[in-house]
Amino acid sequence: MRTVWLSGAEWLAVLRIGLGLWWLESWRHKDRKAWFERGAGIAWAAGIAREHRWPAVRAGFEKVVAPRPKVMAYIVVHAELALGLGLITGFLTPVALVGGLLLNLLYLILMIHDWAEQGQNAMMALISLVALFAMSWQTWSLDRMTGLFL
């Protein structure tokens with residue numbers, strides 16, 4: 001498919017790279033000192049989980065996240081960095097797209113009571129689905145250069 005300026009595959013690569021930049025910005029603006037030393041991010045999420053309307057979310061948070069807040073803080077922050085870099089460079093792109101989709105869905109579920117704040121996560125999840133099923137790693141990617149996921 002040709003468009004005025006880029007081919008369809010090239011536009012999908014632009015979409016993938018843009019999503020990667022969005023993840024990188026999400027990583028960049030985090031106060032890592034607050035997340036790692038003071039546990040601010042996980043403490044905030046714990047407050048949200050405690051008040052959550054779904055018992056499964058409260059129980060899951062208490063079972064998985066609460067016992068290891070420091071580890072979970074590192075996982076969240078570094079996952080956002082890895083997703084951004086993977087999508088921008090097109091390295092392990094399907095893995096990054098599925099990982100990003102799952103992380104966005106977790107964010108959406110955690111904040112289910114506040115949809116006004118969830119436009120970003122909904123859009124990122126939608127872009128992940130489009131980029132995944134349209135195989136956006138076929139152009140301008142390390143996956144294409146190395147022959148991965150052809």
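The values are calculated or read from the model by the stated rules, or taken from the named source; none is laboratory data. Just so it is clear, the structure is predicted and the values come from calculations on it, not from any experiment. Counting neighbours? That spans all protein chains shown, and the Cβs are built from the backbone with ideal geometry, glycine included. Side chains are part of the model used for accessible areas, which takes the heavy atoms of the whole protein and leaves out ligands, DNA and RNA. Shrake-Rupley method; radii C 1.70, N 1.55, O 1.52, S 1.80 Å.
What residues qualify as long-range amide H neighbours of Met111, i.e. H under 5 Å apart, gap of 5 or more or another chain, H built at 1.01 Å from N?
The answer is none.
If you count only protein heavy atoms with a 1.4 Å probe, what accessible area per residue comes out for the chain, rounded to a whole Å²?
Working: 8720 Å² over 150 residues.
Counting only protein heavy atoms, the per-residue value for the chain is 58 Å².
Compute the signed sum of charges (Lys and Arg +1, Asp and Glu -1) over the other residues within less than 14 Å, Cβ to Cβ, of Leu92. Let's see the in-between values first.
On the way: positive: Arg16, Arg144; negative: Asp143.
Charge balance in the 14 Å sphere: +1.
How many times 2.2 N^0.38 Å is the alpha carbon radius of gyration of segment 76-141? Please list the in-between numbers first.
Working: Rg = 12.2 Å, N = 66, 2.2 N^0.38 = 10.8 Å.
So the Cα radius of gyration is 1.13 times the expected 2.2 N^0.38 Å.
Work out from phi, with θ = phi - 60° and the Karplus expression 6.51 cos²θ - 1.76 cosθ + 1.60, the ³J(HN,Hα) of each residue of segment 39-56, listed in order in whole Hz, and give x for Gly and Pro.
x, 4, x, 6, 5, 4, 5, 4, x, 5, 5, 4, 8, 5, 6, 9, x, 5
Test of the criteria: in segment 1-87, which trypsin sites (Lys or Arg not before Pro) are in a DSSP loop and have at most 12 other Cβ atoms within 10 angstrom of their Cβ?
Details: sites: Arg2, Arg16, Arg28, Lys30, Arg32, Lys33, Arg38, Arg50, Arg53, Arg58, Lys63, Lys70; in loops: Lys30, Arg53.
The qualifying sites are Arg53.
Enumerate the calculated ³J(HN,Hα) couplings along segment 65-77 in order (Karplus 6.51 cos²θ - 1.76 cosθ + 1.60, θ = phi - 60°), each rounded to whole Hz, writing x wherever the residue is Gly or Pro.
Listing the rounded values in order: 8, 4, x, 9, x, 5, 4, 5, 4, 5, 4, 4, 5 Hz.
If you roll a 1.4 Å probe over segment 1-140 with all protein chains in place, what percent of the accessible area is carbon or sulfur? Walk me through the numbers before you get to the answer.
Working: 5620 of 7960 Å².
Accessible surface attributable to carbon and sulfur in segment 1-140 totals 71 percent.
What's the angle, to the nearest 10 degrees (0 to 90), between helix 93-110's Cα axis and the longest principal axis of the chain?
30
When the Cα centres of segment 25-60 and segment 104-134 are compared, how far apart do they sit, in Å?
A separation of 17 Å, based on Cα centres.
May I ask for the angle, rounded to the nearest 10°, between helix 119-133 and the longest principal axis of the chain, with both axes built from Cα atoms and the value confined to 0 to 90°?
Its long axis makes an angle of about 40 degrees.
With a cap of 16 neighbouring Cβ atoms within 10 Å, and only residues DSSP puts in a loop, list the GluC sites (Glu not before Pro) found in segment 30-114. If you can, show how the numbers build up before the last one.
Values: sites: Glu37, Glu51, Glu62, Glu80; in loops: Glu51.
Answer in residue order: Glu51.
When only alpha-carbon atoms are used, what values of Rg and Dmax, in angstrom, describe segment 16-150?
So, for segment 16-150, Rg and Dmax equal 15.8, 47 Å respectively.
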